[in-house]
Amino acid sequence: MAFVWAAGGEPALDDLFSVAGKTVVVTGGSRGIGLMIARGFVEGGARVVISSRKAEVCERVAAELSQVGECVAVPADLSGEEACRRLAGEVGGAGGAGAYACQQLDGGLTTL
């Protein structure tokens, strides 16, 4: 990865923290904090996969975010292992190897 160096010899922050061209998975990405995180990643140029239990809402939000950048919906109830494996398979099968993930857990946020 090439960095653009800012004045003073330091890499520009945009290069250090860029998500452009990367795949990011945001569970709980259809509303609240998850939606804000997903929107930020889309605006930053990432390919964003959002997942939530409510398929209709998940699809609608992905369509809205797709007007800004690339966003796809994978509706799933991730409380079970099978749904987690399906999500991982869909992300991996779509070129998401090495994807970043943000997961909302009971009001907290974990980056995996």
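Please treat every number below as a calculation from the coordinates, not as lab data. Being a predicted model, the structure only gives us computed values, none of them experimental. Using ideal geometry, Cβ is built from the backbone for each residue, glycine included, and neighbour counts are taken over all protein chains shown.
List of remarks:
- For region 69-82, 3J(HN,Hα) per residue [Karplus equation, 6.51 cos²θ - 1.76 cosθ + 1.60, θ = phi - 60°, Hz, x = Gly/Pro]: x, 8, 8, 10, 9, 10, x, 6, 8, 7, 7, x, 4, 4
- Counting 0.36 nm for each residue step from Ile33 to Ser79 and taking away their Cα separation leaves a gain of 14.6 nm.
- Scanning residues 5 or more positions from Val48 or on other chains, those with amide H under 5 Å from its amide H are Val24, Glu70, Cys71, Val72, with H placed 1.01 Å from N in the peptide plane.
- Local net charge near Ala62, Cβ-Cβ under 15 Å (Lys/Arg +1, Asp/Glu -1): 0
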